[in-house]
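Participant: Below is one structure. I have some questions about it.
The values are calculated or read from the model by the stated rules, or taken from the named source; none is laboratory data. None of these values were measured; they are calculated from a predicted model. Because the Cβ atoms are built from the backbone with ideal geometry, glycine has one as well, and the counts that use them run over all protein chains shown.
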Ligand SMILES: Nc1nc2c(ncn2[C@@H]2O[C@H](COP(=O)(O)OP(=O)(O)O)[C@@H](O)[C@H]2O)c(=O)[nH]1
Ligand SMILES: [Mg+2]
């Protein structure tokens with residue numbers, strides 16, 4: 001059986017906020033409980049049943065879910081993506097909430113016993129109200145943390161399901177043809193657009209050749225500026241390279257549709273400086289629309305700027321040169 005990935009595992013986890021849970025708890029509090037006739041001290045059983053109902057609800061929506069979250073082995077990549085979404089210390093938050101809400105176990109036990117031995121309806125009812133007040137106040141005081149964890153879970157559940165396979169991350173400036181390439185050579189069908197910055201998330205595709213299966217990741221475009229000046233969309237591309245890439249396909253738009261060769265090469269050297277030259281393969285794209293002289297010029301410019309590295313001339317749009325790239329990549333994968 002195949003192991004589920006983290007995004008799949010959290011897809012059925014919902015961490016509700018205080019208001020939602022309060023409403024449900026109050027509904028249980030005011031619902032009718034049937035106790036068979038002739039039972040002595042019926043009132044005690046009624047309020048015990050209500051405590052049980054509230055407790056099993058809270059166990060289901062909080063304690064079980066938090067336990068489940070805290071047991072997930074979180075990979076660095078997913079943690080970074082959560083951080084980019086604005087939620088830091090995710091693991092600590094989950095554990096803190098778990099510890100804090102565990103008091104619900106204790107309170108439920110305690111009040112169940114108190115109600116059981118209460119001397120009359122009035123006392124049982126007062127104890128029950130106290131119980132409800134106390135559990136709700138624990139939850140209310142955790143509401144901010146709960147909403148952070150909920151946000152993180154939503155971010156996680158929307159992430160692609162990465163497997164432990166050789167992975168190519170496609171990077172470059174906006175409009176260089178990354179999505180076109182990934183759509184052309186893999187199972188993914190990312191959006192291609194005439195405007196910069198349409199890819200907002202990392203998108204996963206697979207390339208299957210015979211027995212070999214590769215992952216390929218389309219990323220949002222990155223501009224040539226320092227990491228701390230990148231916006232959150234661009235940061236995702238960096239993080240994908242950092243944690244997922246065995247190989248980076250760096251696309252250069254030889255046509256310079258939006259960005260000059262100079263700025264594209266500056267980004268290329270940033271990436272090489274950050275991640276090393278060994279992972280990087282350069283694809284000079286859009287050769288269908290530029291002269292052979294221009295291609296030669298681009299190659300020279302790359303060599304002068306960053307030195308020697310694997311270079312291919314392709315047209316992602318027309319499928320020119322792509323087979324050669326894939327064949328060479330497969331050789332690399334098979335020999336590594
Ligand atoms: N002429 C030409 N245009 C291309 C090629 N590859 C992509 N494009 C065009 O470049 C634009 C941006 O493509 P897209 O794949 O969205 O770029 P991304 O922003 O890097 O993902 C689109 O209009 C594509 O049709 C190519 O090989 N030749
Ligand atoms: Mg794109």
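Participant: Give the residue, chosen from 179, 108, 147, that is part of a helix (DSSP H, G or I) and in contact with a strand residue (DSSP E or B) (Cβ under 7 Å, 6 or more places away or on another chain).
Facilitator: Residue meeting the stated conditions: 179.
Participant: Separate question: Say we look at the range 198-212 and pick out the residues that are within 18 Å of residue 323 (Cβ to Cβ) and in a strand (DSSP E or B); which of these is farthest from ligand 1 (Cβ to nearest atom)?
Facilitator: Out of the qualifying residues, it is 212.
Participant: Does residue 312 satisfy the criteria of being under 17 Å from residue 178 (Cα atoms) and crowded, with 20+ Cβ neighbours inside 10 Å?
Facilitator: For residue 312, the condition - under 17 Å from residue 178 (Cα atoms) and crowded, with 20+ Cβ neighbours inside 10 Å - is not met.
Participant: Taking the range 167-178 only, how many residues are near ligand 2 (Cβ under 9 Å from one of its atoms) and within 23 Å of residue 212 (Cβ to Cβ)?
Facilitator: Counting residues in the range 167-178 that are near ligand 2 (Cβ under 9 Å from one of its atoms) and within 23 Å of residue 212 (Cβ to Cβ) gives 2.
Participant: Which one is surrounded by the fewest Cβ atoms within 10 Å (Cβ to Cβ), of the residues in the range 190-219 that are under 24 Å from residue 155 (Cβ atoms) and more than 10 Å from ligand 2 (Cβ to nearest atom)?
Facilitator: Among those that are under 24 Å from residue 155 (Cβ atoms) and more than 10 Å from ligand 2 (Cβ to nearest atom), it is 206.
Participant: Identify all residues within the range 182-207 that are out of contact with any strand residue (DSSP E or B) (no Cβ under 7 Å at 6 or more places or on another chain) and modelled with pLDDT under 95; write none if there are none.
Facilitator: Those that are out of contact with any strand residue (DSSP E or B) (no Cβ under 7 Å at 6 or more places or on another chain) and modelled with pLDDT under 95: 189, 191, 192, 193, 194, 195, 196, 197, 198, 200, 201.
Participant: Additional query: Taking residue 258 as the residue in question, decide whether it is within 16 Å of ligand 2 (Cβ to nearest atom), in the same structural domain as residue 191 (by TED's automatic domain parsing), touching a residue at least 60 places away in the same chain (Cβ under 8 Å) and outside any strand (DSSP E or B).
Facilitator: yes
Participant: Looking at the range 293-308, can you tell me whether even one residue there is under 31 Å from the mean Cα position of the chain (by Cα), surrounded by 17 or more Cβ atoms within 10 Å (Cβ to Cβ) and modelled with pLDDT of 95 or more?
Facilitator: No, there is no match, as no residue in the range 293-308 is under 31 Å from the mean Cα position of the chain (by Cα), surrounded by 17 or more Cβ atoms within 10 Å (Cβ to Cβ) and modelled with pLDDT of 95 or more.
Participant: In the range 57-75, what residues are surrounded by fewer than 14 Cβ atoms within 10 Å (Cβ to Cβ) and assigned to a helix (DSSP H, G or I)?
Facilitator: Result: 60, 64, 67, 71.
Participant: Given (1) part of a helix (DSSP H, G or I); (2) over 23 Å from residue 215 (Cα atoms), where does residue 235 come up short, assuming only one miss?
Facilitator: Result: residue 235 fails condition (2) only.
Participant: Taking residue 260 and the conditions (1) under 26 Å from residue 329 (Cβ atoms); (2) modelled with pLDDT of 95 or more, which numbered condition does it fall short on, given that it satisfies the others?
Facilitator: So residue 260 meets the others, but not (1).
Participant: Okay, moving on. Can you name the number of the only condition in (1) crowded, with 20+ Cβ neighbours inside 10 Å; (2) outside any helix (DSSP H, G or I); (3) within 15 Å of ligand 1 (Cβ to nearest atom); (4) in contact (Cβ under 8 Å) with a residue 40 or more places away in the chain that residue 284 fails?
Facilitator: That leaves (4) as the condition not met.
Participant: Now for a different question. In the list 165, 156, 181, which residue meets the criterion of being buried (at least 23 other Cβ atoms within 10 Å of the Cβ) and away from ligand 1 (no atom under 15 Å from the Cβ)?
Facilitator: The match here is 156.
Participant: Still on this model: More than 16 Å from ligand 1 (Cβ to nearest atom), under 23 Å from the mean Cα position of the chain (by Cα), farther than 26 Å from residue 292 by Cα and in the same structural domain as residue 305 (by TED's automatic domain parsing) - does that describe any residue in the range 190-197?
Facilitator: No.
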